[in-house]
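The values are calculated or read from the model by the stated rules, or taken from the named source; none is laboratory data. All figures in this text were calculated on a predicted structure; none of them were measured in a lab. No Cβ is skipped: glycine too gets one built from the backbone with ideal geometry, and neighbour counts run over all protein chains shown.
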Amino acid sequence: MAPQAKKNRDYHEQTNIAHAGRQYCEHGMVNPGVYHASTITVPTLDDWFGGTQKYRYGRYGTPTLRALEESMAELEGGHGCCLYPSGLCAITSTLMITLKTGDHLLMTDSVYQPTRKFCETILKDYGVETTYYDPLIGAGIKDLIQENTRMIFLESPGSQTMEIQDVPAITKIARTQNIVTVIDNTWGAGHYFKAFEMGCDISVQAATKYIVGHSDVMMGTATISKELWDNYRHKYLLMGMHAGPDDVYLALRGLHTLDIRLERHMKNTLKVTTWLETRDEIAEVMYPALPDAAGHKLWKRDFKGACGLFSIRFNNGKREAVAAMIDHLSLFGIGASWGGFESLVLPFDPSLYRTATKWPHEGLCLRFHIGLEHPQDLINDLEEGFERYNQAL
Ligand SMILES: Cc1ncc(COP(=O)(O)O)c(C=O)c1O
C-alpha cells in the first residue's frame, strides 16, 4: 500500500472522494498509473493454474480499473462495481445478466428512452415481458407484481419529467418477494442519492455525466450488492465487457472533484430555477429541490442534494416559439448529454412515449442542464430567449 493511503478510519464522504483510488497509487504520486494492458504474463505454470496472480489479462482488470471500481463501490455504498463503455451499456447488460426468458420486468414509465427501446426490442425478442408503471406508484407497485416478476427498474428523478419515486416503499415490497431492484442513479451520481441505503440491489450510472464531469468520455458503472455480486461479476466477465484505461483514468480524475462540482451545479440551478418560477411563460419548473416543486417532500427525505438537471413546461409550448427561444441562445447548446461543465438545453414531448399514464399537457417542454457558468449570465441569456419566444407566439 502506498504511504499516502488513507488510514483505516471513518472519513467524511468529501474526504473519501478526494482520496478515491489512492490505494493504487505508487511512488508517492496521488494519481494511479494508466496501465495499457492486454497481455499480462505470469512467471510459472503453477502461477497460471493456481490463479494466484492478481492481474492475468487486460479484460479482467488492471490497477487502473480497480482504482475506479473500488472508488465507485465505496461512493455508492455497494459491494463491488463493474465498468462499462457507456451508461446505456451498463443498463442493458444489467438487464441481460439479471433476467432470463420467461421473466417479467416492471419498468418505470419515466425511464431514459433508450432503456425503454431496449426493453421493447432486444429484451422482448429474448422472451422477457415488460410492464411500465407510473413512477409515482410507490407501494402500489405490489398490485403489478406477477408470479414471474424478477426485477423492478427505477429511475429517480425520472428522465425529462423528473418525478421523484418513493424508492424505499418500492424496494421494501420487492425484498419481501425476492425481486431484484435496479436504479438508474445518474442524477444523484451516487453522492446525493444512496441507492443501497434505500434498499436497492444494483445502482447503475451513466458515469459519462457527473462522474467524468467534463463531457469528454463515455462510461457506465454498475454497483452491486454483496448478495448478487458473485453471479453478476461472473456473467459480466463472460460478456467480455471492458472500459479503456485512458477513459477510466479520466473518470477517476473527474470523481475527485464530484463533491465541489455538484455543489456548484446545485447552487447555480437553484438561482436559475427560482428565477424561472417568476416567469409568466412557465407553467411548471420540474426541479425537486424547489420547495413548491412536485416531489420536493420525497427529495428532501431521501436525497442529500440536487444536480444541475431540470425541466420546464410552458403555458404554451408552441414549436415556433420554443424554436425562436432556443435556436439563438448564446450559452446553452442544444444537446443530449448533461453532467459536464457546460449548460445545455433539450426539447422533449412526453406525450410521444409515455404509456402507463397519459401525459396531460400539450406542447413542447425543455430540459436544461445548468453548468458552471455564472448564473446571472445564464439568466440574461434566457431572458433574451423569452423575448424571442413571446414575439413568436
Ligand atoms: C438517465 C440516463 N441514464 C443513462 C444514460 C445513458 O448513458 P450513456 O450516454 O453514457 O450511454 C443517459 C444518457 O443521457 C441518461 O440521461
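Highlighted here are the strands (runs of 3 or more DSSP E) found entirely within the range 199-303 that include at least 1 residues which are not assigned by TED's automatic domain parsing to the domain that holds GLY87: 282-286. In the range 2-49, the qualifying residues are those that are within 20 Å of LEU75 (Cβ to Cβ) and exposed (fewer than 10 other Cβ atoms within 10 Å of the Cβ), and the one that is modelled with the highest pLDDT is HIS12.
Among the residues in the range 131-153, are any closer than 17 Å to SER337 by Cα and either surrounded by fewer than 24 Cβ atoms within 10 Å (Cβ to Cβ) or within 15 Å of the ligand (Cβ to nearest atom) (or both)? Show your work before the answer.
The initial filter retains those residues of the range 131-153 that are closer than 17 Å to SER337 by Cα, namely none.
Checked against the condition, which is being closer than 17 Å to SER337 by Cα and either surrounded by fewer than 24 Cβ atoms within 10 Å (Cβ to Cβ) or within 15 Å of the ligand (Cβ to nearest atom) (or both), the range 131-153 yields no hits at all.
Just to be sure before I move on: is LEU144 free of Cβ contacts under 8 Å to residues at least 60 places away in the same chain and in contact with an Asp or Glu (Cβ under 7 Å, 6 or more places away or on another chain) in the structure I sent?
No.
For the structure I just gave you, tell me whether THR273 is at pLDDT 95 or above, polar (S, T, N, Q) and touching a helix residue (DSSP H, G or I) at 6+ places or on another chain (Cβ under 8 Å). For THR273, the condition - at pLDDT 95 or above, polar (S, T, N, Q) and touching a helix residue (DSSP H, G or I) at 6+ places or on another chain (Cβ under 8 Å) - is not met.
Results for (1) surrounded by fewer than 17 Cβ atoms within 10 Å (Cβ to Cβ); (2) at positive phi; (3) not β-branched (Val, Ile, Thr); (4) not in a helix (DSSP H, G or I), shown as yes or no for each residue.
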residue	(1), (2), (3), (4)
THR355	yes, no, no, yes
GLY363	yes, yes, yes, yes
PHE368	no, no, yes, yes
GLN376	yes, no, yes, no
GLU384	yes, no, yes, no
GLN391	yes, no, yes, no
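Report yes if GLY158 is touching a residue at least 24 places away in the same chain (Cβ under 8 Å), within 11 Å of the ligand (Cβ to nearest atom), buried (at least 18 other Cβ atoms within 10 Å of the Cβ) and under 28 Å from GLY61 (Cα atoms), otherwise no. No: the conditions fail for GLY158. Checking the range 313-321 against the condition returns no match, with no residue being in contact with a Pro (Cβ under 7 Å, 6 or more places away or on another chain) and in a helix (DSSP H, G or I). For the range 205-257, a tally of residues being of a type in the set (Lys, Arg) and in contact with a strand residue (DSSP E or B) (Cβ under 9 Å, 6 or more places away or on another chain) returns 3. Among the residues of the range 77-111, those identified as within 14 Å of the ligand (Cβ to nearest atom), assigned to a helix (DSSP H, G or I) and of a type outside the set (A, V, I, L, M, F, W, C) are GLY87, THR92, SER93, THR94. In this structure, is THR52 more than 17 Å from LEU237 (Cα to Cα) and within 14 Å of the ligand (Cβ to nearest atom)? So THR52 fails the test.
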